[in-house]
Amino acid sequence: MKVSCLQENLAKGLSIVGRAVASRSTLPVLSNVLMKTDNGQLKLSANNFELGINCWVGAKIDTEGAITVPARLLSEFVNSLPPERIDMELDEQTQTLNLRCARVESNIKGIDADEFPNVAGVSEDDIIIKLEPESLRLMIKQVVFAAATDESRPVFTGVLVRFNGDTLTMAAADGFRLSVKATALNQSASQVVEDHSEVSSLIIPGRALTELSRVSGDQEQPIELVVTPSRRQVIFRMQDVELVSQLIEGDFPDYTRIIPKGHTTRSVLETASFLKAVRISHLFARDSANIVKLEISPSGDELMNGRVTLVATSAELGDNVSDMDASIDGEAVEVAFNAKYLIDVLSIVDTPQFILETSSPSSPGVFRPVGDDGFTHVIMPMHIQGR
């Protein structure tokens, strides 16, 4: 193999595939990145058996070939080079890659490319659904943070992706909160879903969707969601990147049963002001199980606003009380939530105002951005001492 490419292009490609490199593995080759010539480009691949990423980099190919080299060393080395052309040549006898850039030359010992597990690509039998990138990134942003990180319940570490007619819905839950986002599909995507009912429901690892959001930042053309016939893998295909993820097997619980059907109190609050108040409360609440109590008080006068009071108490540090105006319809209620969960959801609300629906101290709180009917977030309440 003998190839040349620009330092900035190789550095970008390595940063894209780097998140799929195995940090701890019994197979040394999984700590490497595969470099392979492919149709006039340099193909970079990383694979940890759960997530695989392919990335194509523009390059001048003099001789075809392939090699795997330690990902961390290569990435740090390339990032240290000046923004000039990098010439790379493989010594197949010793499996050593020679790299030259400006006045720097290095030799990196690799492992034969044949030992690297294949990162699956798209085949003719696959089912392809084209999704708008901006809408997809927003869905991921509003849902994936609610997925569980505890591997003891694998289904909850994933995001339910459900196609129903002309609607795509994503849902994630960790037992304490639920995030649901629905958006309309374009006509071509709806037709594919109609023709292939077997892809109506998928559970995709939250980590894979997080990486998809990261690597698709520059993508303007539709992102292709590709489901393999076996339904064991999903592939997201972009302009120069393919992300491959194993699907999670199992049944996602019926999340619609978690969302309360009604409420006794509806509060409309300013997103930025409430988020700021919660962050201040969290300074005191973090030493007491993150409990922040909300005292929701209607004014009883249609011409006047109601009031929401946030109370956080720490036996060792002290306490904090914050007041803010709110438009409240319904009964007075006190309810406590985990401050971290409040910060998480308010940080991804893009509208100036949001709605909080409550019923009792022991009932979940429902959060909805004003003007975004497709997003619903539910947080389970926390126990208030003395009740």
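The values are calculated or read from the model by the stated rules, or taken from the named source; none is laboratory data. No experiment lies behind these values; they were computed from the predicted model shown. With ideal geometry, Cβ positions are generated from the backbone for all residues, glycine too; neighbour counts draw on all protein chains shown.
Among the strands (runs of 3 or more DSSP E) lying completely within segment 23-86, list those that include at least 3 residues that are farther than 18 Å from Asn107 by Cβ. Show your work before the answer.
Numbers: elements: 32-38, 41-47, 51-58, 60-63, 66-70.
It comes to 32-38, 41-47, 51-58, 60-63.
Restrict the check to segment 109-130 and report whether at least one residue is of a type outside the set (A, V, I, L, M), over 35 Å from the mean Cα position of the chain (by Cα) and surrounded by 14 or more Cβ atoms within 10 Å (Cβ to Cβ).
Looking through segment 109-130, none of the residues is of a type outside the set (A, V, I, L, M), over 35 Å from the mean Cα position of the chain (by Cα) and surrounded by 14 or more Cβ atoms within 10 Å (Cβ to Cβ).
For Gly217, the criteria (1) surrounded by 16 or more Cβ atoms within 10 Å (Cβ to Cβ); (2) not in a helix (DSSP H, G or I) hold in every case but one, which is (1).
Could you say which residue among Ser267, Ser281, Ser197 is of a type in the set (Gly, Ala, Ser), over 30 Å from Phe367 (Cβ atoms) and either free of Cβ contacts under 8 Å to residues at least 12 places away in the same chain or not assigned by TED's automatic domain parsing to the domain that holds Gly165 (or both)?
Of the residues listed, the single one that is of a type in the set (Gly, Ala, Ser), over 30 Å from Phe367 (Cβ atoms) and either free of Cβ contacts under 8 Å to residues at least 12 places away in the same chain or not assigned by TED's automatic domain parsing to the domain that holds Gly165 (or both) is Ser197.
In the set (1) surrounded by 20 or more Cβ atoms within 10 Å (Cβ to Cβ); (2) closer than 16 Å to Ser267 by Cα, the condition left unmet by Asp323 is number (1). Ala173 - would you say it is closer than 20 Å to Pro133 by Cβ, touching a helix residue (DSSP H, G or I) at 6+ places or on another chain (Cβ under 9 Å) and in contact (Cβ under 8 Å) with a residue 24 or more places away in the chain? Spelling it out, it is not the case that Ala173 is closer than 20 Å to Pro133 by Cβ, touching a helix residue (DSSP H, G or I) at 6+ places or on another chain (Cβ under 9 Å) and in contact (Cβ under 8 Å) with a residue 24 or more places away in the chain. Looking across segment 73-99, the residues that are under 19 Å from Leu6 (Cα atoms), surrounded by fewer than 19 Cβ atoms within 10 Å (Cβ to Cβ) and either polar (S, T, N, Q) or out of contact with any Leu (no Cβ under 9 Å at 6 or more places or on another chain) (or both) come down to Leu73, Glu76, Asn79, Ser80, Pro82, Asn98.
Condition first: surrounded by fewer than 19 Cβ atoms within 10 Å (Cβ to Cβ) and assigned to a helix (DSSP H, G or I). Can you find one or more residues in segment 283-294 that meet it? Yes, there is a match, as at least one residue in segment 283-294 is surrounded by fewer than 19 Cβ atoms within 10 Å (Cβ to Cβ) and assigned to a helix (DSSP H, G or I).
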